[in-house]
1. Helix 48-68 sits at what angle to the longest principal axis of the chain, using alpha carbons and giving 0 to 90 degrees rounded to 10?
2. Where the centre of each part is set by its Cα atoms, how far does segment 120-138 sit from segment 172-201, in angstrom?
3. Please list, ordered by chain and number, the residues whose modelled amide H lies under 5 Å from the amide H of A167; skip anything fewer than 5 residues away on the same chain.
4. Would you mind putting 183-190, 20-27 in packing order, based on average other-beta-carbon counts within 10 Å, highest first?
5. Ignoring ligands, DNA and RNA, what accessible area per residue does the chain give at 1.4 Å, in Å²?
6. Under the Karplus relation 6.51 cos²θ - 1.76 cosθ + 1.60, θ = phi - 60°, what is the ordered set of whole-Hz ³J(HN,Hα) values for segment 149-159, x standing for Gly and Pro?
7. Would you work out what percent of the accessible area of segment 46-127, with all protein chains in place, is carbon or sulfur (probe 1.4 Å)?
8. Sum up the lysine pairs in the chain that clear both bars: alpha-carbon distance under 16 Å and a spacing of 8 or more or different chains.
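The values are calculated or read from the model by the stated rules, or taken from the named source; none is laboratory data. None of these values were measured; they are calculated from a predicted model. Please note: Cβ atoms are built from the backbone with ideal geometry, for glycine as well, and neighbour counts cover all protein chains shown. With ligands, DNA and RNA removed, areas are computed over all heavy atoms of the protein, side chains included. Shrake-Rupley method; radii C 1.70, N 1.55, O 1.52, S 1.80 Å.
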Amino acid sequence: MQVSELFMGDCQSLAVLNKSKLWQLDTSKLTTINLISFIKQAAIDGFEYEARQDVLILLERMLDKMVAGTIPYNPIVTYDPAQPRRQPRLLGEYCTDLIELSIPRRRAILFALETDLDLSLDDVVELSWRAAAEAATTEASRRIVMGLPRHLRLPYAFWEWMDHARAMPLVGLQASFEGISGGRSFPEYKAGYKGALRVMPEADAELVALQCGLQL
(Lines give C-alpha, C1' and ligand atoms only; values in the text may rest on other atoms or scores of the structure.)
Protein backbone atom coordinates (compact mmCIF):
# COMPACT_ATOMS: atom_id res chain seq x y z
CA MET A 1 0.00 0.00 0.00
CA GLN A 2 1.35 3.39 -0.97
CA VAL A 3 1.56 6.26 1.49
CA SER A 4 -1.04 8.15 -0.53
CA GLU A 5 -3.50 5.27 -0.11
CA LEU A 6 -3.34 5.58 3.67
CA PHE A 7 -5.19 8.87 3.38
CA MET A 8 -7.71 7.91 0.68
CA GLY A 9 -7.68 11.41 -0.80
CA ASP A 10 -7.91 13.08 2.64
CA CYS A 11 -4.87 15.39 2.51
CA GLN A 12 -6.28 18.41 4.31
CA SER A 13 -4.42 17.59 7.53
CA LEU A 14 -1.08 17.44 5.69
CA ALA A 15 1.14 20.39 4.91
CA VAL A 16 4.06 19.02 2.89
CA LEU A 17 4.00 15.21 2.88
CA ASN A 18 1.57 14.93 -0.05
CA LYS A 19 3.93 17.06 -2.16
CA SER A 20 7.02 14.93 -1.49
CA LYS A 21 8.52 11.80 -3.02
CA LEU A 22 7.34 9.81 -0.01
CA TRP A 23 3.76 10.17 -1.18
CA GLN A 24 4.17 7.45 -3.83
CA LEU A 25 6.36 5.07 -1.80
CA ASP A 26 5.12 1.72 -0.55
CA THR A 27 4.68 1.76 3.22
CA SER A 28 6.55 -1.54 3.53
CA LYS A 29 9.64 0.06 2.00
CA LEU A 30 9.66 3.22 4.13
CA THR A 31 12.74 3.60 6.30
CA THR A 32 13.82 5.94 9.05
CA ILE A 33 16.35 7.40 6.60
CA ASN A 34 13.46 8.34 4.31
CA LEU A 35 11.73 10.24 7.10
CA ILE A 36 14.88 11.99 8.30
CA SER A 37 15.73 13.08 4.75
CA PHE A 38 12.18 14.33 4.24
CA ILE A 39 12.33 16.44 7.42
CA LYS A 40 15.78 17.83 6.57
CA GLN A 41 14.67 18.86 3.08
CA ALA A 42 11.54 20.50 4.50
CA ALA A 43 13.71 22.36 7.00
CA ILE A 44 15.74 23.86 4.15
CA ASP A 45 12.49 25.20 2.70
CA GLY A 46 11.37 26.54 6.08
CA PHE A 47 8.80 23.84 6.85
CA GLU A 48 10.53 21.65 9.43
CA TYR A 49 7.74 21.87 12.01
CA GLU A 50 5.08 21.02 9.41
CA ALA A 51 7.13 18.07 8.15
CA ARG A 52 7.50 16.65 11.64
CA GLN A 53 3.75 16.96 12.18
CA ASP A 54 3.08 15.22 8.86
CA VAL A 55 5.42 12.36 9.80
CA LEU A 56 3.59 11.99 13.10
CA ILE A 57 0.26 11.73 11.26
CA LEU A 58 1.75 9.26 8.78
CA LEU A 59 3.05 6.97 11.52
CA GLU A 60 -0.28 7.06 13.33
CA ARG A 61 -2.08 6.03 10.13
CA MET A 62 0.43 3.25 9.50
CA LEU A 63 0.03 1.94 13.05
CA ASP A 64 -3.76 1.88 12.69
CA LYS A 65 -3.47 -0.12 9.46
CA MET A 66 -0.98 -2.53 11.04
CA VAL A 67 -3.29 -3.18 13.98
CA ALA A 68 -6.12 -3.80 11.51
CA GLY A 69 -3.90 -6.21 9.56
CA THR A 70 -4.19 -4.18 6.37
CA ILE A 71 -0.45 -3.61 5.94
CA PRO A 72 2.55 -5.59 7.22
CA TYR A 73 4.44 -4.47 10.30
CA ASN A 74 7.17 -1.92 9.71
CA PRO A 75 9.45 -0.98 12.66
CA ILE A 76 9.50 2.58 11.35
CA VAL A 77 6.41 3.26 13.51
CA THR A 78 8.68 3.48 16.56
CA TYR A 79 10.45 6.54 15.09
CA ASP A 80 9.92 9.72 17.10
CA PRO A 81 9.66 12.77 14.81
CA ALA A 82 9.53 15.22 17.70
CA GLN A 83 11.86 18.20 17.55
CA PRO A 84 15.14 17.24 19.26
CA ARG A 85 15.66 18.97 22.57
CA ARG A 86 18.17 21.78 22.51
CA GLN A 87 21.22 21.46 24.68
CA PRO A 88 21.26 23.93 27.58
CA ARG A 89 23.31 27.06 26.95
CA LEU A 90 26.57 27.63 28.77
CA LEU A 91 26.55 30.09 31.63
CA GLY A 92 29.08 32.16 29.70
CA GLU A 93 26.61 32.60 26.83
CA TYR A 94 24.18 34.34 29.14
CA CYS A 95 26.94 36.57 30.43
CA THR A 96 27.90 37.40 26.84
CA ASP A 97 24.32 38.54 26.13
CA LEU A 98 24.85 41.40 28.57
CA ILE A 99 28.07 42.79 27.11
CA GLU A 100 26.40 45.68 25.29
CA LEU A 101 24.85 46.96 28.54
CA SER A 102 26.52 49.24 31.06
CA ILE A 103 28.18 47.56 34.02
CA PRO A 104 25.56 48.80 36.54
CA ARG A 105 22.79 47.28 34.41
CA ARG A 106 24.72 44.04 33.97
CA ARG A 107 25.07 43.82 37.73
CA ALA A 108 21.36 44.32 38.35
CA ILE A 109 20.22 41.84 35.71
CA LEU A 110 22.74 39.18 36.73
CA PHE A 111 21.74 39.66 40.36
CA ALA A 112 18.08 39.12 39.43
CA LEU A 113 19.07 36.00 37.49
CA GLU A 114 21.23 34.63 40.29
CA THR A 115 18.94 35.10 43.27
CA ASP A 116 16.61 32.23 44.08
CA LEU A 117 13.91 34.71 45.06
CA ASP A 118 11.12 35.53 42.63
CA LEU A 119 12.14 39.11 41.92
CA SER A 120 11.23 41.04 38.79
CA LEU A 121 13.66 43.52 37.30
CA ASP A 122 11.47 46.34 38.62
CA ASP A 123 11.80 44.81 42.10
CA VAL A 124 15.59 44.74 41.77
CA VAL A 125 15.69 48.42 40.77
CA GLU A 126 13.96 49.30 44.06
CA LEU A 127 16.19 47.20 46.34
CA SER A 128 18.15 48.87 49.11
CA TRP A 129 21.67 47.60 49.75
CA ARG A 130 20.49 45.75 52.87
CA ALA A 131 17.56 44.15 51.02
CA ALA A 132 19.89 43.12 48.18
CA ALA A 133 22.28 41.54 50.68
CA GLU A 134 19.39 39.55 52.17
CA ALA A 135 18.26 38.44 48.69
CA ALA A 136 21.75 37.26 47.71
CA THR A 137 21.29 33.49 47.87
CA THR A 138 24.19 32.32 45.69
CA GLU A 139 27.95 32.87 45.73
CA ALA A 140 27.78 34.95 42.55
CA SER A 141 24.93 37.15 43.83
CA ARG A 142 26.81 37.72 47.11
CA ARG A 143 29.88 38.82 45.15
CA ILE A 144 27.76 41.24 43.16
CA VAL A 145 26.31 42.83 46.29
CA MET A 146 29.63 43.04 48.10
CA GLY A 147 31.19 44.77 45.08
CA LEU A 148 28.47 47.37 44.63
CA PRO A 149 29.49 51.02 45.11
CA ARG A 150 27.29 52.64 47.75
CA HIS A 151 25.96 56.17 47.37
CA LEU A 152 25.51 58.36 50.41
CA ARG A 153 22.28 59.95 49.19
CA LEU A 154 20.60 57.23 47.14
CA PRO A 155 18.84 54.40 48.96
CA TYR A 156 19.21 52.02 46.02
CA ALA A 157 21.67 49.14 45.79
CA PHE A 158 21.80 49.42 42.01
CA TRP A 159 22.35 52.87 40.51
CA GLU A 160 24.33 54.62 37.77
CA TRP A 161 25.78 58.00 36.91
CA MET A 162 23.70 60.07 34.53
CA ASP A 163 25.66 62.60 32.44
CA HIS A 164 28.67 61.85 34.68
CA ALA A 165 27.14 64.12 37.31
CA ARG A 166 23.87 62.79 38.70
CA ALA A 167 23.42 59.46 40.45
CA MET A 168 20.20 57.81 39.30
CA PRO A 169 18.33 54.53 39.86
CA LEU A 170 18.34 52.14 36.90
CA VAL A 171 15.32 53.56 35.12
CA GLY A 172 14.17 51.38 32.19
CA LEU A 173 16.03 48.25 33.29
CA GLN A 174 13.26 46.05 31.91
CA ALA A 175 13.60 47.73 28.50
CA SER A 176 17.37 47.20 28.62
CA PHE A 177 16.79 43.50 29.28
CA GLU A 178 14.30 43.20 26.43
CA GLY A 179 16.95 44.52 24.08
CA ILE A 180 19.24 41.53 24.76
CA SER A 181 16.77 38.76 25.64
CA GLY A 182 15.95 37.53 22.14
CA GLY A 183 12.24 37.99 22.72
CA ARG A 184 12.08 35.88 25.89
CA SER A 185 10.29 37.09 28.98
CA PHE A 186 12.38 37.52 32.11
CA PRO A 187 10.92 34.38 33.81
CA GLU A 188 11.72 32.33 30.68
CA TYR A 189 15.21 33.77 30.46
CA LYS A 190 15.84 33.15 34.15
CA ALA A 191 14.66 29.55 33.86
CA GLY A 192 17.18 29.06 31.05
CA TYR A 193 19.91 30.75 33.08
CA LYS A 194 19.23 28.53 36.08
CA GLY A 195 19.43 25.47 33.83
CA ALA A 196 22.61 26.61 32.05
CA LEU A 197 25.62 24.31 31.90
CA ARG A 198 28.02 25.23 34.67
CA VAL A 199 31.60 24.32 35.51
CA MET A 200 32.21 24.77 39.24
CA PRO A 201 30.42 27.08 41.71
CA GLU A 202 33.58 29.09 42.39
CA ALA A 203 34.50 29.41 38.71
CA ASP A 204 30.96 30.39 37.78
CA ALA A 205 30.90 33.05 40.48
CA GLU A 206 34.16 34.46 39.12
CA LEU A 207 32.75 34.55 35.60
CA VAL A 208 29.68 36.48 36.72
CA ALA A 209 31.88 38.83 38.77
CA LEU A 210 34.07 39.56 35.75
CA GLN A 211 31.03 40.45 33.67
CA CYS A 212 29.98 42.83 36.42
CA GLY A 213 33.34 44.59 36.43
CA LEU A 214 34.07 43.41 39.95
CA GLN A 215 37.44 42.55 41.42
CA LEU A 216 37.96 38.87 42.23
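1. Tilt relative to the chain: about 40 degrees.
2. 17 Å
3. M162
4. Top of the packing list down: 20-27, 183-190.
5. 59 Å²
6. These are the phi-based 3J(HN,Hα) values: x, 9, 9, 5, 9, 8, x, 8, 6, 10, 8 Hz.
7. In segment 46-127, the share of accessible area belonging to carbon and sulfur is 52 percent.
8. 4
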